[in-house]
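I have placed the structure first, in the form of structure tokens, so that the comments after it can refer back to it.
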Amino acid sequence: MQHSGYFNQFGGAFIPEILVPTFNQLEAAYLQAKDDPQFWQDYETLMSTYSCRATPITFAQNLTEHFGGAQIYIKREDLNHTGAHKANNVMGQGLITRRMGKRRVIAETGAGQHGVATATMAAKFGFDCTIYMGAVDVARQRPNVFWMEQMGAEVIAVEDGSATLKDAINEAFRDWVTNMDDTHYVLGTACGPYPFPEMVCWLQSIIGKEARQQMLERVGKLPERVYACVGGGSNAMGIFSGFLDDKEVELVGVEAGGRGRGMGHHAARLAYDDAKIGVAQGYKTYFLQNGDGQMQDTHSVSAGLDYVGVSPILADLHERGAARFEAATDDEVVEAMRLTVRKEGLIPALESSHAFVQAFKEAPSMASTDVILINQSGRADKDIFTVADAIDDPKWKQFIINKAEEYRRADNSIDNTGDDHA
Amino acid sequence: MLTTASTTLETTMPSPAEQLRETLRARREQKELLLMTHIVLGYPNFDDSLCVVESMVKDGVDLMELQIPFSEPMADGPVILRANAQALAAGATTEQCMRFAERVSAEFDIPFLFMTYYNILFATGVEQFVRTMAEVGIQGAIIPDLPPEEGGEYLSAMKTQGLAPVHIFTPSSSPERLRELAQHSDGLVYCVARKGVTGKDTAFSSDLDAYLARCRESTDLPLALGFGVKSKEDMDFLRGRVDIAVVGSETIRVMEQRGVGAVSAFIEGLNAR
């Protein structure tokens, strides 16, 4: 490859030898696309006709009045087709896949948003598609699995390891080392070996470009602070990248605090001090690992944030003090989401709600002339089962019970018919 | 381990990499195709790992790869992947693997290599890990997720300790890349027979010949071929084509399906002429 892909000490490309030519090809295609103004134009056209770009910023007047401090604005990535910022990366990589002449795409998925987005892209571009998803996530995100399968993707439940996102990534790599000639691996976040972190950030930078311009046009000034949740880090890097040169804008990344501090209870690699620098899944960053370098289990109420590593670009921003990292606990997240639904009629995904938690903690102590911007990276339709559980809604439970009984009766009557014929 | 040797002896003593080259050369004079096996340390436990090494050495295995388990073994297929996970679940640590290596390299007169992923070295500290490796009598290492571009610290530590870094040749590697990999290798090079991960079937055919010719042109080091080697027929095919056959997943499969005691008959079968 022409570049090493390091952001100070983070990043790199720790790849199996068999993939070296594949990465050379990908880097070349990425650099070529980046140098070609036509590519970005095609990308923006695609996103404005197939997805909902430019996504608006929404002034959250009721929340602003509720907290009585900074003015709260929300960047509406939830309005993308498939309901999250994931579409930006995926459609861009679809264009790059087509340029490379490949016919099949594979992807890992945690919450399922990236899987749905990739399956959607594959359907539109006419690619074959296989999605790897941890078995634990398949169990908790059935609605997304349903849509992936409807779109013609094959969804493979990964039972190995902790059966979550990192294991799905390992399995996707195993597919890739076998099928790289006709297959592109659409990595879903700003992690993995170079050029993925850089390429994904570049495609997601469309969020920050729009947001910066919208703030200037609508509000007449840049926000004092920008909040984004951080799993792998792609939505955070997407919105942050619009403000990296604006020293007066403070960038705040919010990780999954889960049940609080202590290894195994959370997925906060930067905000808590349980993670240390290591090399896994092809790149160097902070990982939640033990002294031997074995990755540890993580926990979060949101499937999209419980990842052991974090974007090497964010790790570098953290190290240089160019961004601040906080963590939000599961309970705080559900509370912030309920409040946002009630006050604004917006439905932030549990992942995105992490950003809301930190913004809500800080807004009251800021001046009413201050402005903050929250990236609502996705919408929570997919989380309806988890949220209903967290809220413990009796009417929802009754609905599920009734539905289950309905299915069971239908099943029994089929079985009975079968018996009659036997 | 080496502390009793006098200064003059130390300077004239062959390095572990030289010993490895010499052992392989001498064995190759006796035997047309050497056999390297691969086990995952601590799977299912260290006692069984020891029994397997003992039986393999007795049955004529020429050298062994000892895999230090890692939670994210990206280049391994299902059999070795699960062995890694179960070894870790049973509590295997890097320290235990080092002690195990120390014991087997003292007890058995064949070369032992480590195979593991880079984070295992990185977590210990690369230099310290490599130094300990030399102390416990390991002669070389295979790190499948560490291309030479990222391996500066590792390669220089290996050189300091006189250990053999073994790199991986693949069918997709260009001739230039093969030469580059060979330059950074010592002891032997590991040629993967095909794309994909460990433990899946490989159709051995003369299609391999052009690839193996490219490998041969790139280095004078012995060629070891692995990925999918599992039967006497595969061994017969490889004889005369490469110097060393590598059997990994299949040994573990035999152990899982028929018990540790069945490994001996399996190895004997592979080596039979």
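Taken together, the values in this text are just the output of simple stated rules run on the coordinates, not laboratory data. All figures in this text were calculated on a predicted structure; none of them were measured in a lab. All Cβ positions, glycine included, derive from the backbone under ideal geometry; neighbour counts span all protein chains shown.
Quick notes
- By the rule of a C-alpha distance below 22 Å, with chain neighbours fewer than 8 residues away ignored, the lysines paired with A:Lys102 are A:Lys34, A:Lys86, A:Lys124, B:Lys195.
- Sites listed here are chymotrypsin sites (Phe, Trp or Tyr not before Pro) in segment A:271-321 whose DSSP assignment is loop and whose Cβ has at most 14 other Cβ atoms within 10 Å, and the list is empty.
- Over chain B: Rg over Rh, Cα atoms, Kirkwood Rh: 0.93
- Pairwise alpha-carbon distances in segment A:246-300 exceed 13 Å for 60% of all pairs.
- The trypsin sites (Lys or Arg not before Pro) found in segment A:297-352 that occupy coil by DSSP, while having at most 10 further C-beta atoms within 10 Å, are A:Arg320.
- Across segment A:275-338, Cα-Cα pairs farther apart than 19 Å form 42% of the total.
- Efficiency of FRET between A:Asp36 and A:Asp389 - r from beta-carbon atoms, R0 51 angstrom, step 0.05: 0.60
- Computed over every Cα-Cα pair of segment A:206-345 and binned at 5 Å starting from 0, the pair-distance distribution P(r) comes out as 2, 10, 18, 20, 19, 15, 9, 5, 2, 0, 0 percent.
- Normalised by the number of residues in segment A:148-230, the average gap of Cα pairs under 8 Å and 6 or more apart makes the relative contact order 10 percent.
- The label point for B:Cys51 and the one for A:Gln398, both projected 7 Å from the Cα toward the Cβ, are 6.1 nm apart.
- Within chain A, the selection of entire DSSP H helices by a Cα span of 30 Å or greater along the long axis and an average Kyte-Doolittle value of at least 1.0 returns an empty list.
- The helix-based estimate of mean residue ellipticity at 222 nm for the protein assembly as shown, built from -39,500 (n - 2.57) per DSSP H run of four or more residues and divided by its residue count, is -14500 deg cm²/dmol to the nearest 500.
- Label-point separation in nm, B:Glu268 to A:Ile277, each point 7 Å along Cα→Cβ: 5.4
- Computed over chain A: relative contact order in percent, which uses C-alpha pairs under 8 Å that are six or more apart: 19
- Highest-first packing order for the peptide set B:31-43, A:172-184, B:89-101, A:44-56 is B:31-43, A:172-184, B:89-101, A:44-56, based on the mean count of other beta carbon atoms within 10 Å.
- Within segment A:192-299, the GluC sites (Glu not before Pro) that combine a DSSP coil assignment with at most 11 other C-beta atoms in a 10 angstrom radius are A:Glu248.
- Over all pairs of different C-alpha atoms in the protein assembly as shown, the reciprocal of the mean inverse distance, the Kirkwood hydrodynamic radius, equals 26.9 Å.
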